[in-house]
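Working notes for the structure below.
The values are calculated or read from the model by the stated rules, or taken from the named source; none is laboratory data. This one's a predicted model, so the numbers in the text were calculated from it and none came from an experiment. Virtual Cβ from ideal backbone geometry, glycine too; neighbours counted across all protein chains shown. All accessible areas refer to the heavy atoms of the entire protein, side chains included, with ligands and DNA or RNA removed. Shrake-Rupley method; radii C 1.70, N 1.55, O 1.52, S 1.80 Å.
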Amino acid sequence: MLCFFQAQGMASQAFSLLILLLSAIAFSDAGSIGINYGRLANDLPSPDKVVELLKSQGLNKVKLYDTDATVLTALANSGINVVVALPNELLASTAADQSFADNWVQSNISKFYPATQIEAIAVGNEVFVDPQNTTNYLVPAMKNVHASLVKFNLDSNIKISSPIALSCLQNSYPSSAGSFKPDLVEPVIKPMLDFLKQTGSYLMVNVYPFFAYSANSDEISLDYALFKENSGVVDSGNGLKYNSLFDAQIDAIFAAMSALSYDDVKVVVSETGWPSIGDESEIGASEANAASYNGNLVRRVLSGNGTPLRPQDPLNVYLFALFNENQKPGPISERNYGLFYPNEQKVYNIPLTEEELKGGQSTPVNGNTSEVPVSGEVSKTSVGQTWCVANGNAGEKKLQAALDYACGEGGADCSPIQPGSTCYNPNTLEAHASYAFNSYYQKKTRGTGTCEFGGAAYVVSQPPKYGNCEFPTGY
């Protein structure tokens, strides 16, 4: 009997080890999830607080749009890998002058590395669509920055790339017919891919299924765009079946590179996301869809496997974006790609790590438990409606000044927040300011820029409610 129980115990241990091994294998070929930390806003937390937020969410990869010293210092010794950027406006100088590149690398890279774990430099961003016509400077600038890295003995640890938009493609459907625009191929695409291949780097690509769906919602299934269950699309050129628009777009890039004989260059998705709010013309922009897209994308990436065309290549993706940024120009959607509000509360709940997926938290939470940055309770989502609320982090002085403006010159209806009226309680500056800001916002028909108040307010997609006070959605 003793031998039997010993054998049984050994078998049990072996089985447990097998389960652990299979679990490890399931995620061994998984890709990675990072996040874009943009700062076109005047109401964001300090970089130190942002680093703590990233760590609390299990995010250990972040991509920046500059080399801000305060941000890079905050990221030092954090265990977070960082992609920094040389902005488009510096491309001409960097391309023309090696000493300029040397000084830039010395001041912005070697000064912070290795305490700040800079792993890549994005030289420019979507340069091919830059209205300043900086395309011709791109590859020379990349080469000069790389030469500077060599000079400072950093080239083996820090890669050089440049994010491109899908608009660089002449054809993207079907994926197998993917091809670059002819006017870009010889001047910049081939030289860039040559450089990436020679330096062991990868191509950065910004991929937004939202744009394709919003412009072609009569032809593209929403489920196909959101990684939900669907019948799939079979590529007429190679017979491969696609169950998501994201995979199809990535493979269009791979096909375009293959057509130029660059099958061995890897791809990193440097931006992808879905807005939680949009203009009426931006079909598909909603909190529920944003949660579905980003939540299902994380599951897709961390569960392993590549695209149908390159199934062995794990997907490495940077979500766009960490915060809603209230100073970004363009339609409402541009200011509402964030996973977090400026006060660090989630716009919606999605898993971001393997641990959350393994723990069963793999279904995006749409609406019912999403948090809104207000002190009162939150009722269920009202699709297509938006409200304006006070930013509690703006400070009492800024809130009071904005409240005075809204109720005075701004023409907001502030009678409900007077003593004895329905919205007087709770009698707090944030509650009263939220009501006034929303009144102003609704009276201005929720127009662009009418919910800013110098950083004292921002838009939310769930109706805030303080006590018995109902916030109006129109006048």
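What figure in square angstrom, to the nearest 10, would you give for the accessible area of Ile158 with a 1.4 Å probe?
Answer for Ile158: close to 0 Å² accessible.
In debye, nearest 20: dipole of the chain around its Cα centre with unit charges on the Cβ of K, R (+) and D, E (-)?
600 debye
What helices does the chain hold that run 18 Å or longer along their axis, going by alpha-carbon atoms, with a Kyte-Doolittle average of 0.5 or more, using DSSP H for the helix calls?
Result, helices passing both filters: 2-28, 138-151, 245-259.
Over the Cα atoms, compute the radius of gyration (one decimal) and Dmax (the largest Cα-Cα distance, rounded to a whole number) for the chain, in Å.
Expressed in Å, the Cα Rg and Dmax of the chain come to 24.7, 90.
Mind checking which lysines have their Cα closer than 22 Å to the Cα of Lys444? Skip sequence neighbours fewer than 8 apart in that chain.
Leaving aside lysines fewer than 8 places away in the same chain, those within reach of Lys444 are Lys328, Lys398, Lys465.
Name the residue from Ser107, Ala96, Asn60 whose Cα lies farthest towards the positive end of the charge dipole of region 53-112, charges +1 on Cβ of Lys and Arg and -1 on Cβ of Asp and Glu.
It is Asn60.
Would you mind computing, in nm to one decimal, how far apart the modelled labels at Val234 and Asn427 are, each placed 7 Å from Cα along Cα→Cβ?
Those two pseudo-labels are separated by 7.2 nm.
Please report Rg (one decimal) and Dmax (integer) in Å for the Cα set of region 102-210.
Answer for region 102-210, Rg first and Dmax second: 15.1, 46 Å.
Determine how large the accessible area of Tyr137 is when every protein chain is in place; take a 1.4 Å probe and give Å² rounded to the nearest 10.
Solvent-accessible area, nearest 10 Å²: 90 Å².
About the Cα centre of region 43-197, how large is the charge dipole given +1 on each Lys and Arg Cβ and -1 on each Asp and Glu Cβ? Please answer in debye to the nearest 20.
Dipole about the Cα centre, nearest 20: 440 debye.
Please pull out the direction-averaged projected area of region 237-324, using the convex hull of its alpha-carbon atoms, in nm² to one decimal place.
The directionally averaged projection comes out at 7.0 nm².
How much length is gained on full extension from Asp218 to Leu53, taking 0.36 nm per residue of separation minus their Cα-Cα distance?
So the chain would gain 55.5 nm between Asp218 and Leu53.
What percent does the relative contact order of the chain come to when contacts are Cα pairs within less than 8 Å and at least six residues apart?
Rounded, it is 14 percent for the chain.
Just the accessible area per residue of region 384-452, please: how many Å² with a 1.4 Å probe?
Counting only protein heavy atoms, the per-residue value for region 384-452 is 46 Å².
Keeping all protein chains in place, calculate the accessible area per residue for region 140-276 (probe 1.4 angstrom), answer in Å².
Per-residue value: 40 Å².
Provide, for region 149-238, the number of lysine pairs with alpha carbons under 26 Å apart, each pair being eight or more places apart or on different chains.
Lysine pairs satisfying the spacing and distance rule in region 149-238 number 8.
Expressed as a whole percentage, what fraction of the accessible surface of the chain belongs to carbon and sulfur atoms when a 1.4 Å probe is rolled over the protein heavy atoms?
Whole-percent figure for carbon plus sulfur exposure: 50.
Considering only protein heavy atoms, what is the solvent-accessible area of Glu219 at a probe of 1.4 Å, reported in Å² to the nearest 10?
140 Å²
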